[in-house]
Amino acid sequence: MSAPSLRSTAEWRALARHWRSLRGTTLKQLFDGDAKRGTRLVAKGVGLYLDYSKNLVTDDTLRLLRQLAKARGVFARRDAMFRGDKINETEKRAVLHVALRAPRNERILVDGTNVVPEVHEVLDRMAAFSEKVRAGEWRGHSGKRIRNVISIGIGGSDLGPVMAYEALKHYSRRDMTFRFVSNVDPTDFVEATRDLDAAETLFVVCSKTFTTLETLTNAHAARDWCLQKLGGNEAAVAKHFVAVSTNAKEVEKFGIDTANMFGFWDWVGGRYSMDSAIGLSTMLAIGPEAFRDMLAGFHAMDEHFKSAPPESNLPLLMGLIAIWYNDFFGAQTVAVLPYAQYLKRFPAYLQQLTMESNGKHVTLSGEHVDYATGPIYWGEPGTNGQHSFYQLIHQGTRLIPCDFIGFMHSLNPLGGQHDLLMANLFAQTEALAFGKTPEQVRAEGTPEWLVPHRVCEGNRPTNTFLADSLTPHTLGALIALYEHSVFVQGAIWHIDSFDQWGVELGKQLANKLIPQLQDQNDPDLEHDSSTNALIRRYRAARTEAR
Ligand code: F6P
């Protein structure tokens, strides 16, 4: 028996009615009607302070959203995930990134086996290896110490490590160079290696499947580069390459000794894998202790998600607010705006986490949804974004809910500069919420013809996150918060947030196309007329250049 369609549930209909009744209400009215709103609609957990008062919600909205979550089985599904049930139904897999940060004494069973000891065994091996490299004990083929680490991977095997390296650069070894190669565009590899000494370079090849075109191509390029620079002795590979994968057979086939392989498991989704061995480059950069601190931050948020009451449960609140704008206000996007330069890759990381997870058009039982799922996540650090796309958020015709993220203390204090940064954050959320009325514009002496142009309607919703400072622990908590918010949204929509079948079609077609681009003779092309013409044009240009 299939569950009633989301839109026909009593909880959804109650929310739709409530939305209609709230439609004309402004944030200004909500604040005028409740002097304590700004201190009442806040939630705290794991060092994060969330002010969600500048959202178009009332206590009734939140109560109705919580009822929806309950009716859609969010809490039961959350417990099933933590228990190790195979909630990734289309791939018949457990979804246990939470086990990657579980303390040693915890027990989490997958098919009757406690996976926590295996997790810690790999973490311990990663720590021992990282210490060796950082201490200069792990030497390259010619005996030189490793000074450069290049992580090769793509998607979930790249975005987490890149983001974490940038986010935690303050804590990283400054006498070592860390780079990341992901794109199959040869430029990525060439630019990453052009000024490096191969004798001092370690490649960490990260791929869950170890079959991904981009990663394997770059890994082969790295192998050739290394061998060419180091005199062609195959023995060099063992000193300059380690692998992170679930696929020992393919790692061996590539030529990396499985003694130099760090494993993980099929119950870790690519976009949820930065706490697994995929984070080896992060650990090499910041050291095992700081890495474990980051895991502790993730774990603390897991515990919060599991046990905090619904009214103050941060991921639940975030997920429900996202549903509210996406499904009732028709907002198509969410902007994530960190006021922290170190978080410059955080929005890009969130794009895979949120959109690969919840960009789904059918329910778990295969029925086409008749409601909007995964919103588009995007963003840039403030204040840079203020001088580019914020105009559209302030005065455009689309509703764009925003998450602002700021810290009390800068890791690089420089005069009063941090105050300037945070003043801008607070000013933006205030301006977005309350805008500027025609009367206020006129009172500034603005000529009448210019008044409409200078009016800001306000009523633009925002969440504001504040934390003490950007530490590994805080970063872990923040990422886990978004992971679980994505989970809440997917659970309400009854979709599989843990598969990614949509990515496959493009991969299959590209594989079919490669020989057609490289064939010496004119291949028979059976694509549509546009694709055929593009291929012919490309082939002609390449042939001319040869
Ligand atoms: O882009 C699709 C995807 O499967 C992601 O989910 C994954 O993170 C990425 O490719 C890389 O896959 P792998 O780690 O197997 O190389």
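Some observations on this one:
- Probe 1.4 Å, all protein chains present, accessible-area order of Asp188, Asp158, largest first: Asp188, Asp158
- The separation of the stretch 24-85 from the stretch 225-276, counted between C-alpha centres, amounts to 44 Å.
- Of the DSSP H helices in the chain, those whose Cα atoms cover at least 30 Å axially and whose Kyte score averages 0.0 or more: 472-493
- Using C-alpha pairs below 8 Å separated by at least 6 residues, the relative contact order for the stretch 31-172 is 8 percent.
- Cα gyration tensor shape of the stretch 123-264, rounded if a/c is under 1.5, else prolate or oblate by comparing a/b with b/c: rounded
- Normalising the average separation of contacting C-alpha pairs (under 8 angstrom, six or more residues apart) by the number of residues puts the relative contact order of the chain at 18 percent.
- Exposure of Glu250 as accessible area (Å², to 10), given a probe of 1.4 Å and all protein chains: 50
- Length added when fully stretched, Gln395-Thr90, from 0.36 nm per residue minus Cα-Cα: 105.6 nm
- Among Leu202, Leu6, Met176 the positive-end extreme of the charge dipole of the chain (Cβ point charges): Leu6
- Here the label points at Glu234 and Arg173, each 7 Å from Cα along the C-beta direction, are separated by 3.0 nm in the simple model.
- The stretch 1-67, dipole about Cα centre (Lys/Arg Cβ +1, Asp/Glu Cβ -1), debye to the nearest 20: 120
- Along the axis of the charge dipole computed for the chain (Cβ charges of +1 for Lys and Arg, -1 for Asp and Glu, origin at the Cα centre), the listed residues Leu505, Trp138, Ser485 are led at the positive end by Ser485.
- Grouping the Cα pair distances of the chain into 10 Å bins from zero gives a pair-distance distribution of 3, 16, 25, 24, 18, 10, 3, 0 percent in increasing distance order.
- Whole-Å distance, taken between Cα centres, linking the stretch 100-114 and the stretch 351-374: 29
- For the chain, carbon and sulfur atoms together expose 51% of the accessible surface, with a 1.4 angstrom probe and every protein chain in place.
- At the residue level, Tyr49 shows approximately 70 square angstrom of accessible surface with a 1.4 angstrom probe and all protein chains present.
- Restricting the trypsin sites (Lys or Arg not before Pro) of the stretch 336-421 to loop positions (DSSP other than H, G, I, E, B) with no more than 11 neighbouring Cβ atoms within 10 Å leaves Arg398.
- Placing unit charges on the Cβ atoms of the charged side chains and taking the dipole of the stretch 237-326 about its Cα centre, the candidate lying farthest along the positive direction among Pro309, Asn260, Ala290 is Asn260.
- Between the stretch 293-320 and the stretch 424-456, the alpha-carbon center distance in angstrom: 38
- Flagged links, alpha-carbon separation over 24 Å, of Lys344/Lys436; Lys92/Lys360; Lys144/Lys344: Lys344/Lys436; Lys144/Lys344
- Packing here is the average count of other Cβ atoms within 10 Å per residue, and on that basis the peptides 378-389, 412-423, 27-38, highest first, run 378-389, 27-38, 412-423.
- Radius 14 Å from Cβ of His473, net charge of other residues (Lys, Arg +1; Asp, Glu -1): -4
- Using only side-chain charges placed at the Cβ, +1 for Lys and Arg and -1 for Asp and Glu, the dipole size of the chain relative to its Cα centre rounds to 560 debye.
- Coordinate range of the alpha-carbon atoms in the stretch 332-395 per principal axis, descending: 44, 28, 11 Å.
- Spin-label model distance (nm) - Arg104 vs Asn532, 7 Å beyond Cα toward Cβ: 6.6
- Accessible area, probe 1.4 Å, largest first, for residues Trp265, Trp449: Trp449, Trp265
- Dipole in debye (nearest 20) - the stretch 277-339, about Cα centre, beta carbon charges: Lys, Arg +1; Asp, Glu -1: 100
- Cα→Cβ-extended label distance, 7 Å offset, between Glu303 and Arg454, nm: 5.4
- Listed residues Phe241, Phe434 arranged by accessible area, highest first, probe 1.4 Å: Phe434, Phe241
The values are calculated or read from the model by the stated rules, or taken from the named source; none is laboratory data. Since we're looking at a predicted model, the values are computed, not measured. Cβ: placed from backbone, ideal geometry, glycine included. Neighbour counts: every protein chain shown. Accessible surface areas use protein heavy atoms only, side chains included; no ligands, DNA or RNA. Shrake-Rupley method; radii C 1.70, N 1.55, O 1.52, S 1.80 Å.
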